[in-house]
1. Hey, of [x] 71; [y] 49; [z] 62, which did the structure itself give for percent of Cα pairs over 15 Å apart when calculated?
2. Quote the relative contact order of the chain in percent (integer), defining contacts as alpha-carbon pairs under 8 Å separated by 6+ residues.
3. Can you give me the distance in nm between label points at His16 and Arg52, each placed 7 Å from the Cα along the Cα-to-Cβ direction?
4. Between the helical axis of 37-46 and the dominant principal axis of the chain, each derived from Cα atoms, what acute angle in degrees is found, rounded to the nearest 10?
5. Please compute the length gained on full extension between Glu70 and Ser6, using 0.36 nm multiplied by the number of residues separating them and subtracting their Cα-Cα distance.
6. Give the order of Val2, Val40 when sorted by the count of other beta carbons within 10 angstrom, beginning with the fewest.
7. To make sure I understand, if each residue's beta carbon is the centre and we count other beta carbons within 10 Å, what order do Arg55, Arg66 fall in, fewest to most?
8. Among Asp39, Asp76, Asp69, Asp54, what is the fewest-to-most ranking by other Cβ atoms within 10 Å?
Amino acid sequence: MVHDPSALAEIHRLAHLNRIAFSTHAQRRLAERGAEREDVRVALTSSTSASRQDRGTWRVAGGRDRAGDELTVIVDIEADVIVVTIF
């Protein structure tokens, strides 16, 4: 996977504007992890890399949630950042 600075910049921009939508799967993962939507927004805005995956989604890594724990987020970029899953 190759880091894409322009994709990371767009993800940061959309996250700062709170333009984030969550798939049903991502909502279940939030509940499983005990995380909240704001944790994902903070992780997206603090992330340090975005790498394109085979499925056309982006692996956004290096971000931390509100508690300071690392949170990797898989997203799709459309008009908003669409969170596909977290781990």
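1. Recomputing percent of Cα pairs over 15 Å apart here picks out [y].
2. Averaging sequence separation for qualifying contacts and normalising by length gives 33 percent for the chain.
3. For the pair His16/Arg52, the computed spacing is 2.5 nm.
4. 30
5. 20.9 nm
6. By the 10 Å Cβ count, ascending, the order reads Val2, Val40.
7. So the ranking, lowest neighbour count to highest, is Arg55, Arg66.
8. Fewest-to-most ranking of Asp39, Asp76, Asp69, Asp54: Asp54, Asp69, Asp76, Asp39.
No value in this document is a laboratory result; all are computed from the given coordinates. Model, not experiment: these values are computed from the prediction. All Cβ positions, even for glycine, are placed from backbone atoms using ideal geometry, and neighbour counts span all protein chains on display.
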